[in-house]
Amino acid sequence: MLKKISIVFICFLMAFCVGCGEKEVSVDSSTVSSTSSKDKPIEKPVYYTNLLTGEKNLSEEVAKNRPVAIMVNNISIAQAVQTGVNKADIVYETEVEGGITRLMAVFQNVGAVGRIGTIRSARYVYVDLALGHNAVYLHCGQDPVYCAPHLKDIEHYTVDTGNIGKRISNGLASEHTLYTEGNKVYNTFVKGKTVKNSNTWQKFADEKTEVKLTGGAATKINVPFSTSYNTGFDYDATAGKYVRSFRGKTNKDYVTGETTTVKNVFVLLTPISKYSDNYHMNVSLQGGNGYYFVNGTYTPIKWSKGAANNSFKFTNVDGSELTVNQGNSWVCIANSSIHVGIQ
């Protein structure tokens, strides 16, 4: 009898202890969960400065990479099949042989861009422009007389169907059909190549400041590179950007259909003449006068570059450093003899 009572008593104690244990664990679990939910910090993404635009919108890895400069076909019939240009941080445009212009699109985050092209050949002046950014330079072919020897001064690669290039039918002759892809460019030629310094391309205003210039209104800009090549920019007040056009026709991306827009427009005036072969163009990058346009306003400026590895330096006419609005830029380098149309 006593044995049975002992067994019952022991079972009672075990049940009581287990019940107490369950209750205690339940209370502690609730407390920990509440505290953890309340005290856990919300992680915000960290962005780094794009040295070409002044904007904080890049990952640390991309911000530290060297930029890439890509030659883009700008002959009139091929402008309709241009793509990726509107994603560039800086676009340079200047005269090449025959009165036409060619573009060099510079990207910091090229991996985020889709199709880019069409790709064309290198010229001497563009090698200097790419060197000024310590950029990796991509092209398809080159001027064999003046540019070819200069390519040894820069890290450059040929884009073609044998590597990251692809001929895509667009209704034009084969020479106007070569494209590449931004992610292929990044993974093949750019990834892991670190920029040498942390200086921004220009002195940029802070992100909350919209720069207004005192030279007057500039809602329409016309840059006549030659008698047959006129690049225009019309200010879209709603977007706060300039819309690029050619001979009065708005430029749009061939793949996305997006209008090509730009925040900052620079027109740099300089002597341009033919080399001794009486064909290829010699574009001086020593310095001179020019104009800066932003937010429907403009101001005269002074500019200089000098040595091939130097970047551009822009100043106000009085010599003080120019403050540039954050955002992408289009740089027209035109003959000092032209008249820039400003309305």
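The values are calculated or read from the model by the stated rules, or taken from the named source; none is laboratory data. This is a predicted model, so every value here is computed, not measured. Every residue, glycine among them, receives a Cβ derived from its backbone with ideal geometry; neighbour counts consider all protein chains shown. Each accessible area value is taken on the protein alone, full model and side chains, heavy atoms only, with ligands, DNA and RNA left out. Shrake-Rupley method; radii C 1.70, N 1.55, O 1.52, S 1.80 Å.
Looking at this structure, is Ser226 closer than 25 Å to Gly99 by Cα, loosely packed, with under 13 Cβ neighbours inside 10 Å and either of a type in the set (Gly, Ala, Ser) or out of contact with any helix residue (DSSP H, G or I) (no Cβ under 6 Å at 6 or more places or on another chain) (or both)? Judged against the criteria, Ser226 is not a match.
Within the stretch 215-232, identify whether any single residue is in contact (Cβ under 8 Å) with a residue 40 or more places away in the chain and farther than 22 Å from Ile342 by Cβ, and answer yes or no. Within the stretch 215-232, not a single residue is in contact (Cβ under 8 Å) with a residue 40 or more places away in the chain and farther than 22 Å from Ile342 by Cβ.
Taking the stretch 248-273 as the range and being touching a residue at least 60 places away in the same chain (Cβ under 8 Å), open to solvent by 30 Å² or more (accessible area, probe 1.4 Å) and over 25 Å from the mean Cα position of the chain (by Cα) as the test, only Pro271 passes. If we keep just the residues of the stretch 102-115 that are touching a helix residue (DSSP H, G or I) at 6+ places or on another chain (Cβ under 6 Å) and among the hydrophobic types (A, V, I, L, M, F, W, C), which is surrounded by the fewest Cβ atoms within 10 Å (Cβ to Cβ)? Step by step, filter the stretch 102-115, then rank; the result is Val113. The residue pairs whose first member lies in the stretch 186-200 and is within 11 Å of Ala63 (Cα to Cα), whose second member is open to solvent by 80 Å² or more (accessible area, probe 1.4 Å), and whose beta carbons are closer than 8 Å, counting only pairs six or more residues apart or on different chains, are Thr194/Lys64; Val195/Lys64. Any chance the stretch 120-142 includes a residue that's surrounded by fewer than 16 Cβ atoms within 10 Å (Cβ to Cβ) and in contact with a Ser or Thr (Cβ under 9 Å, 6 or more places away or on another chain)? Checked the stretch 120-142: no residue is surrounded by fewer than 16 Cβ atoms within 10 Å (Cβ to Cβ) and in contact with a Ser or Thr (Cβ under 9 Å, 6 or more places away or on another chain). The requirement of being surrounded by 11 or more Cβ atoms within 10 Å (Cβ to Cβ) and closer than 23 Å to Val62 by Cα is fulfilled somewhere in the stretch 167-180, by at least one residue. Looking at the stretch 98-110, is at least one residue modelled with pLDDT of 95 or more, under 16 Å from the mean Cα position of the chain (by Cα) and hydroxyl-bearing (Ser, Thr, Tyr)? For the stretch 98-110, residues modelled with pLDDT of 95 or more, under 16 Å from the mean Cα position of the chain (by Cα) and hydroxyl-bearing (Ser, Thr, Tyr): absent. Here is the figure for the stretch 225-247: residues that are over 20 Å from the mean Cα position of the chain (by Cα) and not in a strand (DSSP E or B) total 8.
Quick one: in the stretch 236-247, which of the residues that are on the phi < 0 side of the Ramachandran plot and not hydroxyl-bearing (Ser, Thr, Tyr) is surrounded by the fewest Cβ atoms within 10 Å (Cβ to Cβ)?
Ala237
If I filter the stretch 312-328 for residues that are out of contact with any Pro (no Cβ under 8 Å at 6 or more places or on another chain), open to solvent by 20 Å² or more (accessible area, probe 1.4 Å), closer than 25 Å to Asp153 by Cβ and at pLDDT 95 or above, do I get at least one hit? So far as the stretch 312-328 goes, yes, one or more of its residues are out of contact with any Pro (no Cβ under 8 Å at 6 or more places or on another chain), open to solvent by 20 Å² or more (accessible area, probe 1.4 Å), closer than 25 Å to Asp153 by Cβ and at pLDDT 95 or above.
If I ask for residues that are in a strand (DSSP E or B) and either open to solvent by 80 Å² or more (accessible area, probe 1.4 Å) or more than 30 Å from Glu95 (Cα to Cα) (or both), which ones from the stretch 56-71 would you list? Full working, then the answer.
Filtering the stretch 56-71 down to residues in a strand (DSSP E or B) leaves 56-58, 65, 68-71.
The answer is Lys56, Asn57, Leu58.
Report the residue count in the stretch 72-88 for those that are among the aliphatic types (A, V, I, L, M) and surrounded by fewer than 22 Cβ atoms within 10 Å (Cβ to Cβ).
Matching residues across the stretch 72-88 total 5.
Restricted to strands (runs of 3 or more DSSP E) entirely inside the stretch 261-341, those with at least 3 residues that are β-branched (Val, Ile, Thr) are 264-270, 297-304.
Ile154 satisfies every condition listed in (1) of a type outside the set (S, T, N, Q); (2) buried (at least 23 other Cβ atoms within 10 Å of the Cβ); (3) in contact with a helix residue (DSSP H, G or I) (Cβ under 9 Å, 6 or more places away or on another chain) except (2). Looking only at residues of the stretch 210-223 that are assigned to a loop (DSSP other than H, G, I, E, B) and among the hydrophobic types (A, V, I, L, M, F, W, C), we find that the one that is least open to solvent (accessible area, probe 1.4 Å) is Ala218.
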